[in-house]
1. Answer with yes or no whether D116 is touching a helix residue (DSSP H, G or I) at 6+ places or on another chain (Cβ under 8 Å) and of a type in the set (D, E).
2. Looking at (1) over 36 Å from the mean Cα position of the chain (by Cα); (2) in a loop (DSSP other than H, G, I, E, B); (3) at pLDDT 90 or above, can you tell me which one T53 breaks?
3. Out of the residues in segment 42-85 that are in contact (Cβ under 8 Å) with a residue 24 or more places away in the chain and polar (S, T, N, Q), which is surrounded by the most Cβ atoms within 10 Å (Cβ to Cβ)?
4. State all residues of segment 49-76 that are charged (D, E, K, R) and under 16 Å from E117 (Cα atoms); if no residue qualifies, say none.
5. I need every pair where a residue in segment 159-179 that is β-branched (V, I, T) has its Cβ under 9 Å from the Cβ of a residue that is in a loop (DSSP other than H, G, I, E, B) and modelled with pLDDT of 75 or more, sequence separation at least 6 or different chains.
6. Within the bounds of segment 62-70, is there any residue that is over 17 Å from L121 (Cα atoms) and part of a loop (DSSP other than H, G, I, E, B)?
7. I'd like the residue in segment 176-207 that is among the small types (G, A, S) and assigned to a strand (DSSP E or B) and, out of all such residues, is farthest from T151 (Cα to Cα).
Amino acid sequence: MANKCDLCLLGLIILSSLLTGTSGVDDEDVFISSGENVRLPCNNALSDCNSTTWSYNRDSAAVELITGGKKKKDTERHERLSLGSDCSLNIKNVTQEDYGSYTCRQYVNDKQQGTDEHVYLHVLHVSVSPSSSSSSSSSSQTEISPGRSVTLSCQLYSYTRFSCNSEGLQLLWRNQSGVDLRTDSRYQISSDHCNINLTTTLLNEDDNREWRCQLTVRNQLQTSVRYTVKYSATALNPASPVIVIVIVVASFAVLLPALILWMIRRKRDDNRRGTGDSEDQQTRPVYPTGQNTLLQQVPSGGGVADTPDACWMHS
């Protein structure tokens, strides 16, 4: 009898351990790159998603995102969330701040149905830090240009339950042909925990060049982030300001003689008009006020003209 009780007790212990262990059996890890859209499955969903509640937790108390199949309006990510027809949680334009633990629960008449469904979201994100030999404080992408040193930092934002040091996880930088950049001495690769850095000096031919940060787990690709180098027109042609100055100076050199010639011609025209006016004043007769301006005409015979004065003198 005692042996039978012992066997029953052993069976209960084994069954209890199995039941307590099932809570995490169906937990799922989802890997995604920042900027992409992601779907988080809810495997314990009922036929009606009105019973579905999604909550989010990372380092603090859980925050409800979906309650009774409807979005909560007071959440920061409200506009990026939606509930799928299968009760999955869809997140648009994922950011590195979205990583963490998501829990799907089912409630019927305020009573939870079944067990929790946990989905752990891990986000891969790349940031760039261009720098020059004189200053490395700037992180503006607009300063990327040939001759500068640039560092691309690829980091996996992961929930605490997932260790980046676990066996089988690997972060790699590759070029667009898939070649591991660790084999090229031009690139300096360094890694620390969930982060891997690529540092190189940019060349003119790097414009539109693509580098990829890949995350693999047990040699299976989970997600990757692509970074494409983009130069501005000024960066590709740093001598363009000098060319503009040369064009301006050349244009001024052409226009200046034309301006001087126009001014000389105008001055000559003004002088000619002034000389003509002076000559007209010298040749025009000037008569004193009150003097008779009528010219006495002498007959061709040499006689004295018949004038009132002449008649008076004969008398």
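The values are calculated or read from the model by the stated rules, or taken from the named source; none is laboratory data. Since the structure is predicted, the reported quantities are computational estimates derived from the model, not experimental observations. Cβ sites come from the backbone with ideal geometry, for glycine too, and all protein chains shown count toward neighbours.
1. Working: touching a helix residue (DSSP H, G or I) at 6+ places or on another chain (Cβ under 8 Å): yes; of a type in the set (D, E): yes.
Against the criterion (touching a helix residue (DSSP H, G or I) at 6+ places or on another chain (Cβ under 8 Å) and of a type in the set (D, E)), D116 qualifies.
2. Every condition holds for T53 apart from (2).
3. Applying the filter and picking the extreme gives T52.
4. Going residue by residue through segment 49-76, those that are charged (D, E, K, R) are 58-59, 64, 70-74, 76.
Matches in segment 49-76: R58, E64.
5. If the second residue must be in a loop (DSSP other than H, G, I, E, B) and modelled with pLDDT of 75 or more, the pairs left are T160/R58; T160/D59.
6. Yes, that holds for at least one residue.
7. Looking only at segment 176-207, we keep the residues that are among the small types (G, A, S), and these are 177-178, 185, 190-191.
Add one more test, that the residue is assigned to a strand (DSSP E or B), and what stays is 190-191.
Working: S190: 10, S191: 12 Å.
Top of the filtered list is S191.
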